[in-house]
Structures are given as C-alpha cells and as structure tokens.
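The values are calculated or read from the model by the stated rules, or taken from the named source; none is laboratory data. Small disclaimer: the values here were computed from a predicted structure and weren't measured. Please note: Cβ atoms are built from the backbone with ideal geometry, for glycine as well, and neighbour counts cover all protein chains shown. SASA here: full protein model, heavy atoms, side chains in, ligands and nucleic acids out. Shrake-Rupley method; radii C 1.70, N 1.55, O 1.52, S 1.80 Å.
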Amino acid sequence: MDKMDEFKEMFATRLGVKKVDENKTLKELGLDSLDTAEMCLELEDRFGISLDVDELMKIKTVGDLYAAVAVKLA
C-alpha cells in the first residue's frame, strides 16, 4: 500500500466509513475546522509533510484534501 492509499484508508477510518466520496465537502461529512486541523496535524506527523495555512484555507472537498496531500507525498 502506498502512502496515498494509506492516507485515504486513515481518513475513511476516522469518518467511520469504508469509502469516502471525493466530491463531498468536509462540512458535509461532519468535519468542522477543528476536526480538519486535528486531522492535518495527524497527517503531518504520520507522513512527515507540512500543510500551510494558505493550503488549508483552499481545501473544501475531500478531493481537495487528497490533492493537497498527494502533492506533498510526491
């Protein structure tokens, strides 16, 4: 399993689902700004990446989050 797959699995587990629709907004999935910040801190620790505030402000959907993480893992 590559790091991106590991991230997707971790995200789905955190939400308590098997698969996450990339078109859903984080808000639609019940994540508020604190949940998102906590998750991003966990991602940074687990994968050794850094997401800055400007990047986080642009993340609205699951797909946006996946894309931001994929760029950092590349």
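Here are the numbers for this structure:
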{"read-out": "Scan of the stretch 45-60 for residues that are within 20 Å of Lys3 (Cα to Cα), touching a helix residue (DSSP H, G or I) at 6+ places or on another chain (Cβ under 9 Å) and assigned to a helix (DSSP H, G or I), ordered by number", "value": "Arg46, Phe47, Glu55, Leu56"}
{"read-out": "Scan of the stretch 15-42 for residues that are outside any loop (DSSP other than H, G, I, E, B), at pLDDT 85 or above and not β-branched (Val, Ile, Thr), ordered by number", "value": "Leu15, Leu34, Asp35, Glu38, Leu41, Glu42"}
{"read-out": "Neighbours by Cβ (under 7 Å, 6+ apart or cross-chain): first from the stretch 46-61, within 19 Å of Glu22 (Cα to Cα) and of a type in the set (A, V, I, L, M, F, W, C); second open to solvent by 60 Å² or more (accessible area, probe 1.4 Å) and modelled with pLDDT of 90 or more", "value": "none"}
{"read-out": "Some residue of the stretch 22-34 being polar (S, T, N, Q), open to solvent by 60 Å² or more (accessible area, probe 1.4 Å) and touching a residue at least 24 places away in the same chain (Cβ under 8 Å)", "value": "yes"}
{"read-out": "Residue match in the stretch 59-69 (condition: open to solvent by 80 Å² or more (accessible area, probe 1.4 Å) and out of contact with any strand residue (DSSP E or B) (no Cβ under 7 Å at 6 or more places or on another chain))", "value": "no"}
